[in-house]
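Only one structure is covered here, and it is reproduced in the block below.
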Amino acid sequence: MITLKQAYLRCRDTLKINGFDAPEFEAHTLVEAATGFDRTNLTVNGNAELSADKEQTLIAYTQKRLLHIPLQYIIGSWSFCGFDFYVGDGVLIPRDDTEVLVGLCKKFLQNRPNKKTIDLCAGSGAISVALNKLCNADVTAVELSDKAFIFLQKNIQLNNADISLVNGDVFECHKDFDDGQYDLIVSNPPYIKRSELSTLQKEVQFEPKMALDGGEAGFDFYEAIIRLWSSKLVYGGALAFELGEGQADYVKSLMKSAGFSNIRTENDFGGTQRAIIGTMINN
């Protein structure tokens, strides 16, 4: 038999030897997922013996991590804006950077009497759930991928959110929505240049290409959403995007040409312009 502390140390040291950046954090996360013992329990009950089944589960999790399978996929869930989300093969992992976009949307919605919102390329539903729960927004979530759509459904149920779902393609399903009905359109679209997909870190290679591939220049979805969806906004409604590095100026120019004003960006903690929002005054 091995103790809980010994199992943790073995996991941590294995990750450290293999060059992982945060072996302590990852080992704690994997131990909790495999055994049910969190960091506090590890401190208090470190000498408790671990069952053979739990030890083997932790070993299996560690081996998966050595293959660079994302930590979030291994444990099956992740937190975003204080809410938990199921994640796994076929859905993009919610990231802290996207909380910058949610923050811009919250500021826009907070003083509006109507908060009718549509989330395009909704993925796991992280943005949809956050805006519904934090702002009481009336949210419709649109997602094309069948795999991601399953996670979207599960996460709405998990968080007891009130969200309408559409399994559709943002390049086509705009035809099914009336003009002038939304206060906010928000999207964290695929925005990686196609030529750069193969250069992304190993963990990201496990995430769905559909959620990453923004076309040759990385702007396909920005251009299409602005062209096809802007008319769906009410006068004074807003369009908000997450941005990739170096994309702010071009997306801002697209929005300005389409009739948006009061366009502003917000930086992430690394100083990158990570989110943009503008108000429609010309529809």
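No value in this document is a laboratory result; all are computed from the given coordinates. Values in this document were obtained by computation on a predicted structure and should not be read as measured data. Cβ: placed from backbone, ideal geometry, glycine included. Neighbour counts: every protein chain shown.
Consider a paramagnetic label point 7 Å from the Cα of residue 202 along Cα→Cβ; state which residues of segment 89-128 have an amide N under 20 Å from it.
89-90, 93
Using a 10 angstrom cutoff on alpha carbons, build the Gaussian network for the chain and name the most mobile of 27, 122, 60.
Between 27, 122, 60, it is 60 that shows the largest mean-square fluctuation.
In what order do 77, 198 fall by count of nearby beta-carbon atoms within 10 Å, going from fewest to most?
Lowest count first: 198, 77.
From Cα coordinates alone, what are the radius of gyration and Dmax values for the chain in angstrom?
20.9, 70
Quick query: amide H of residue 50 versus all other amide H atoms, modeled in the peptide plane; which residues come in under 5 Å with a sequence gap of 5 or more or a different chain?
Result for residue 50 returns 2, 3, 4.
Once phi is turned into ³J(HN,Hα) by the Karplus curve 6.51 cos²θ - 1.76 cosθ + 1.60 with θ = phi - 60°, what whole-Hz value does each residue of segment 164-177 show in order, with x for glycine and proline?
Running phi through 6.51 cos²θ - 1.76 cosθ + 1.60 with θ = phi - 60° gives 7, 10, 9, 8, x, 9, 5, 7, 10, 7, 4, 5, 8, 10 Hz.
Which residue, 124, 257, 231, tops the fluctuation ranking in a GNM of the chain built on C-alpha contacts under 10 Å?
Looking only at 124, 257, 231, the biggest GNM fluctuation is shown by 257.
Sequence-distant or interchain residues sharing an amide H contact under 5 Å with residue 275, placed H: which?
It is 243, 266, by chain and number.
Please report 279, 98 as a ranked list, fewest other C-beta atoms within 10 angstrom at the top and most at the bottom.
Lowest to highest Cβ neighbour count: 279, 98.
Mind listing the long-range amide H neighbours of residue 218? Cut-off is under 5 Å, sequence gap 5 or more, other chains count too, H placed in the peptide plane at 1.01 Å from N.
194
³J(HN,Hα) across segment 229-244 via Karplus (A = 6.51, B = -1.76, C = 1.60, θ = phi - 60°), whole Hz, x for Gly/Pro?
Whole-Hz 3J(HN,Hα) from phi for segment 229-244: 10, 4, 5, 6, 7, 6, 4, x, x, 10, 10, 9, 10, 7, 10, x.
Provide the convex hull volume over Cα atoms per residue for segment 216-283, in Å³.
74
Would you mind checking 64/252; 64/147; 107/147; 107/232 for any pair whose Cα atoms are more than 30 angstrom apart?
Long pairs (Cα-Cα over 30 Å): 64/252; 107/147.
Can you sort 272, 3 by how many other beta carbons sit within 10 Å, fewest first?
Least crowded to most crowded, the residues run 3, 272.
Hey, what number do you get for the chain at 222 nm if only DSSP H runs of n ≥ 4 count, each worth -39500 (n - 2.57), divided across all residues, to the nearest 500?
Mean residue ellipticity at 222 nm (helix-derived): -11500 deg cm²/dmol.
Roughly how far apart, in whole Å, are the Cα centres of segment 110-162 and segment 180-259?
Measuring centre to centre over Cα atoms gives 17 Å.
Which number comes out as Rg/Rh for segment 2-67 once both Rg and the Kirkwood Rh are worked out on C-alpha atoms?
0.93
Whole-Hz ³J(HN,Hα) for each residue in segment 48-53, computed from phi via Karplus 6.51 cos²θ - 1.76 cosθ + 1.60 with θ = phi - 60°, x for glycine and proline: what do you get?
Each residue of segment 48-53 in turn: 5, 6, 9, 5, 4, 5 Hz.
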